[in-house]
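J.: Got a structure here, written out as structure tokens. Questions coming.
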Amino acid sequence: MSAVIVAPRSLKSATTEPVWVKWTLVGIALAFLTLFLFVPLAIVFAEAFKKGIGVYFAAITDPDALSAIKLTLIAAGISVPMNLVFGVAAAWCIAKFEFRGKNVLLTLIDLPFSVSPVISGLIYVLIFGLQGWWGGWLRDHDLKIIFAVPGIVLATVFVTFPFVARELIPLMQAQGTEQEEAARVLGASGWQIFRRVTLPNVKWALLYGVILCNARAMGEFGAVSVVSGHIRGQTNTMPLHIEILYNEYQFAAAFAVASLLAGLALVTLVLKYAVERRVRAQKKLAGERAE
Amino acid sequence: MLFSRTLLKRHSVLPGFDLALGFTLLYLSFIVLVPLSAAFLKTATMTWPAFWDAVTAPRVLASYRLTFGASLGAALLNSVFGLVVAWVLVRYEFPAKRLIDALVDLPFALPTAVAGIALTALYAQNGWIGRFLPFKVSFTPLGVLVALTFIGLPFVVRTLQPVLEDLHKEIEEAAATLGASRLQTFTKVIFPIISPALLTGFALAFARALGEYGSVIFIAGNMPLISEITPLLIITKLEQYDYTGATAIAVVMLVSAFALLLAINALQAWTRARQGR
């Protein structure tokens, strides 16, 4: 009899670790995350309010800060919709059709993620900069891309290029084409198919991609830094403004503006967490249908 | 019509292929392919010796050593601790686990400049953490390692988590039944199954660290030959209007990044094959 009682207990202990091992591992994990994640996040807010709430509000309502916030919103406001339209178009042809060269196309779409932000800015300087391919032509026509807002938008579009596409493509591939084909047979037009069949099926993944794309667009530093020219009140985004304040030893002000971006990061994480489960549910549903 | 005649492998009743692919290719070319090719074409105007001199100058070589070395170190740190974090998050229950799990993605969401000034303040000699350390971290190569570890933190955790979740309990039970100790089960049964994912996470963290700029420049101190990373050197050359020199170094970095991308793709295919998907 005793063997029957002992067996399940020993089996359980055979597939889990002793309690002291468990808590040692939890301790190591938490210590690592505390040192590298939690404390850096906490210090942003601590430093931001260190000199009082007055200094904090003065820093974020400074005209240069406000213009930096405005430019950041403009850059994200243009680049996110552009990459959204691209993501949908790319996902439509890649997930719903079989064609030659698809894998090459998939790799090329991911390319911007493996390019250093600094190089992402540099390549636009090579094309639109004064010494660049079209630099002379642009100067003759009194157009400015580098060291101006269009360059900042272009660099932002480049670094956030794959976000929406890479969320949509795997989900739409898993969902297959049966529903769209049924809609087609029943006489729906292309736009009707997309709006009534495809879009409801992928809306959470689409939102997920947009959230990630927006976070990167608002926070990009390296690429924007190369093309911006750092003209105060004109071509400074929030991250660039932080750098200037920091280099001028205005630490409280730098951290105040940084706390806005850290707040944005936290909102992003909350939204991401909320949407992630719904994306997973849609993926699971697609998998079950396929079986 | 052009694309559907030449490229389409199987006829489809769905509309929009030509329009969608046409737009995709056009946008991809304008935003990514043409600008990237500009870097290679610019370098092609250099003579081979000039190119070689530009990419192997002592200051440049020192920056490669620091960038590749610190990226490697950070990716290794993240592999070890990322494995522990992923294991703990998948296998154990403890307070605030879900919150901690969600916060692991923070380096993806936090702008690099914010991370940079936060880490610099923390690890400075009078900072919250720096004051307890007997050696300098901020404004030394060690600071570069700290920043790159922060940036690469989520990659190993997030590639390991799904693989650990999919691990069948039966395998571990079988190992235990056959007399394996818990440690043996881990090293001989679990570890071989998760190792492709661990390697993928390592490579992703390494690749991300190689190009990183924003978080590093605040904490590094940026002394030539000592704590100057390659992306910063590219910017320095640009600011001196040495466009060809900057581009030559950029091409070296691009080629390494693309080689790494191919390796990661192969690794991911291997991971999927291991999992039998």
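The values are calculated or read from the model by the stated rules, or taken from the named source; none is laboratory data. What you are looking at is a predicted structure, and each value in this text was computed from that prediction instead of being measured. Backbone-built Cβ (ideal geometry, glycine too); neighbour counts: all protein chains shown. Keep in mind that these areas ignore ligands, DNA and RNA; they rest on the heavy atoms of the full protein, side chains included. Shrake-Rupley method; radii C 1.70, N 1.55, O 1.52, S 1.80 Å.
J.: For chain B, compute Rh as the Kirkwood radius over C-alpha pairs and then the Stokes-Einstein diffusion coefficient at 4 °C and 1.567 mPa s; write the answer in µm²/s, rounded to an integer.
T.: In µm²/s, the coefficient is 59.
J.: Could you give P(r) for segment A:74-210, binned at 10 Å from zero, as whole percent values over all Cα-Cα pairs?
T.: Going out from 0 Å in 10 Å bins, segment A:74-210 shows 11, 33, 28, 17, 9, 1 percent.
J.: Rg and Dmax of the protein assembly as shown over Cα atoms: what are they, in angstrom?
T.: Taking only Cα atoms of the protein assembly as shown, I get Rg and Dmax of 25.1, 95 Å.
J.: Now a separate question. Which of the three applies to segment A:164-239, rounded, prolate or oblate, going by the alpha-carbon gyration tensor with a ≥ b ≥ c and a/c under 1.5 meaning rounded?
T.: In terms of gyration-tensor shape, prolate.
J.: Given B:F94, B:A109, B:Y213, which one lies farthest toward the positive end of the charge dipole of chain B, if we put +1 on the Cβ of every Lys and Arg and -1 on the Cβ of every Asp and Glu?
T.: B:F94
J.: Another one. Would you mind putting B:176-186, A:203-213, A:134-144 in packing order, based on average other-beta-carbon counts within 10 Å, highest first?
T.: For the peptides B:176-186, A:203-213, A:134-144, the packing ranking is A:203-213, B:176-186, A:134-144.
J.: Related question: Can you list residues whose amide H is under 5 Å from A:F99's amide H, if they're 5+ apart or on another chain and H is modeled 1.01 Å from N?
T.: Result for A:F99 returns B:K9.
J.: Tell me the carbon and sulfur percent of the accessible area for segment B:76-198, rounded to whole percent, probe radius 1.4 Å.
T.: Here it works out to 67 percent.
J.: Send over the semi-axes of segment B:51-92's equivalent ellipsoid, whole angstrom and largest first, taken as the square roots of 5 times the C-alpha gyration tensor eigenvalues. Mind dumping the intermediate values first?
T.: Working: eigenvalues 279, 10, 3 Å².
Over the Cα atoms of segment B:51-92, the semi-axes work out to 37, 7, 4 Å.
J.: Further question: Need one number: nm distance between label points at B:F94 and B:L26, each 7 Å from Cα along Cα→Cβ, rounded to one decimal.
T.: For the pair B:F94/B:L26, the computed spacing is 5.5 nm.
J.: Could you tell me how far the Cα centroid of segment B:127-183 sits from the Cα centroid of segment B:186-256, in Å?
T.: Value for the Cα centre distance between the two parts: 20 Å.
J.: Just tell me how shielded B:23-34 is by partners: mean number of partner chain Cβ atoms within 10 Å of each residue's Cβ, no decimals.
T.: Per residue, the number of nearby Cβ atoms from other chains is 6 on average.
J.: Hey, rough spin-label estimate for A:K50 and B:L76, points 7 angstrom out along Cα→Cβ, what's it come to in nanometres?
T.: So the two model labels end up 3.4 nm from each other.
J.: Using a probe of 1.4 angstrom, how much of the accessible area of chain A is carbon and sulfur, in percent?
T.: The value for chain A is 66 percent carbon and sulfur by accessible area.
J.: Calculate the translational D of segment A:80-146 in whole µm² s⁻¹ from Stokes-Einstein, where the hydrodynamic radius comes from the Kirkwood formula applied to all Cα pairs, the temperature is 4 °C and the viscosity 1.567 mPa s.
T.: Once the numbers are plugged in, D ends up at 89 µm²/s.
J.: Quick one: plug the Kirkwood hydrodynamic radius of segment B:1-116 (C-alpha pairs) into Stokes-Einstein at 20 °C, 1.002 mPa s, and report D in µm²/s.
T.: Result for D is 105 µm²/s.
J.: How many angstrom lie between the Cα centre of segment A:121-154 and the Cα centre of segment B:257-273?
T.: Going from one Cα centre to the other spans 35 Å.
J.: What's the whole-number percent of alpha carbon pairs in segment A:159-291 lying beyond 28 angstrom?
T.: 39
J.: How high is the FRET efficiency between A:K102 and A:W133 when r is their beta carbon distance and R₀ equals 35 Å, given to the nearest 0.05?
T.: For A:K102 and A:W133, the calculated efficiency is 0.70.
J.: Okay, moving on. Buried accessible area between A and B (1.4 Å probe, both chains summed, ligands and nucleic acids excluded), in Å² to the nearest 100?
T.: Adding both sides of the contact gives about 8400 Å².
J.: Oh, and also: Between A:W191 and B:I193, what's the calculated FRET efficiency when r is the beta-carbon distance and R0 is 35 Å? Round to 0.05.
T.: Efficiency for this residue pair is about 0.15.
J.: Ok, one more. Taking the Cα centre of segment A:1-145 as origin and charging only Cβ (+1 Lys, Arg; -1 Asp, Glu), how large is the dipole, in debye to the nearest 20?
T.: Around 500 debye, computed over segment A:1-145.
J.: For A:G176, enumerate residues with amide H under 5 Å from its amide H, sequence gap 5+ or separate chain, H modeled in the peptide plane.
T.: Amide H neighbours of A:G176, under 5 Å, 5+ apart: none.
J.: Once you've got the Cα coordinates, tell me which of A:K203/B:K169; A:K102/B:K237; A:K22/A:K283; A:K51/B:K136 are over 31 Å apart.
T.: Distance filter (> 31 Å) returns A:K203/B:K169; A:K102/B:K237; A:K22/A:K283.
J.: Suppose R0 equals 45 Å; then what is the FRET efficiency for B:A57 and B:R131 from their Cβ-Cβ distance, rounded to the nearest 0.05?
T.: FRET efficiency, B:A57 to B:R131: 0.75.
J.: What number results when the radius of gyration of segment B:137-234, computed over Cα atoms, is divided by 2.2 N^0.38 Å?
T.: 1.53
J.: Apply the Karplus curve 6.51 cos²θ - 1.76 cosθ + 1.60, θ = phi - 60°, to the phi angles in segment A:48-56 and return the couplings in whole Hz, x for Gly and Pro.
T.: Values per residue, Gly and Pro as x: 5, 9, 4, 9, x, 6, x, 4, 4 Hz.
J.: Within chain B, which whole H helices from DSSP have a Cα span along their axis of at least 18 Å and a mean Kyte-Doolittle hydropathy of -1.0 or more, if any?
T.: On the way: long enough: B:58-91 (49 Å, 1.21); B:141-166 (39 Å, 1.30); B:191-211 (30 Å, 1.50); B:243-274 (45 Å, 1.25).
Helices passing the filter in chain B: B:58-91, B:141-166, B:191-211, B:243-274.
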